[in-house]
Structure formats: C-alpha cells, structure tokens
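Have a look at the structure below, then the notes.
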Amino acid sequence: MRRRTAQTAWAIVGYRGWINHGSLKYRRRDVIAAWVEEFRRYSSMARYADLTDAQFWRVIKRRQNIAIRRITLRVAR
C-alpha cells in the first residue's frame, strides 16, 4: 500500500500564524511576484520605486512582519 503525502502549497504567513488564503500558490516565486506587484501599486511605497523586486520584497517582509511558508492544504482549509 502506498503512503499518501499531503498536498502542499506556499502562502504568506503572518507573525501570529495566520495564513493569507488569497496568496496560496504552488510555487514560491509566484507568491512573491503577486505580493510585490500588489504592493507596488500603493502610493506609500513610491519611495522604493528604484529598488529591484528582490530588494523590494525584503522591505515588504520587514515592514509587514510576514514570511512565506510551505503549508499543507489540509491546514489551509
């Protein structure tokens, strides 16, 4: 009998463990790209316009106190 493995995805996870269900994706880089694209729209982030996406992602992580974690879809339900 084969062992079933849980299906996993990547998501934005906050400091206290909340999962942003709108950010669930199967690839980590897709989560980062979507989050960076969304935050580039805000006028408060205009001062970071000259940064690359990687540098901008580090700024967002630090300011929002978030991380990207691999989670099982069973937990995300």
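The values are calculated or read from the model by the stated rules, or taken from the named source; none is laboratory data. The structure displayed is predicted, hence computed values, not measured ones. Positions of Cβ are generated from backbone atoms using ideal geometry, with glycine treated the same way; all protein chains shown enter the neighbour counts.
Computed quantities for the displayed model
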{"read-out": "Hey, ARG27 of a type in the set (D, E, K, R), surrounded by fewer than 10 Cβ atoms within 10 Å (Cβ to Cβ) and without any contact (Cβ under 8 Å) to a residue 40 or more places away in the chain or not", "value": "no"}
{"read-out": "Which numbered condition MET45 fails, given (1) modelled with pLDDT of 90 or more; (2) surrounded by 10 or more Cβ atoms within 10 Å (Cβ to Cβ); (3) over 16 Å from the mean Cα position of the chain (by Cα)", "value": "(1)"}
{"read-out": "Close pairs (9 angstrom Cβ cut-off, 6 or more residues apart or separate chains): farther than 15 Å from ALA11 by Cβ and β-branched (Val, Ile, Thr) in the range 42-69, part of a loop (DSSP other than H, G, I, E, B) and at pLDDT below 95 anywhere", "value": "VAL59/LEU51"}
{"read-out": "Any hit, the range 10-21, residues being without any contact (Cβ under 8 Å) to a residue 40 or more places away in the chain, in contact with a Phe, Trp or Tyr (Cβ under 8 Å, 6 or more places away or on another chain) and surrounded by 14 or more Cβ atoms within 10 Å (Cβ to Cβ)", "value": "no"}
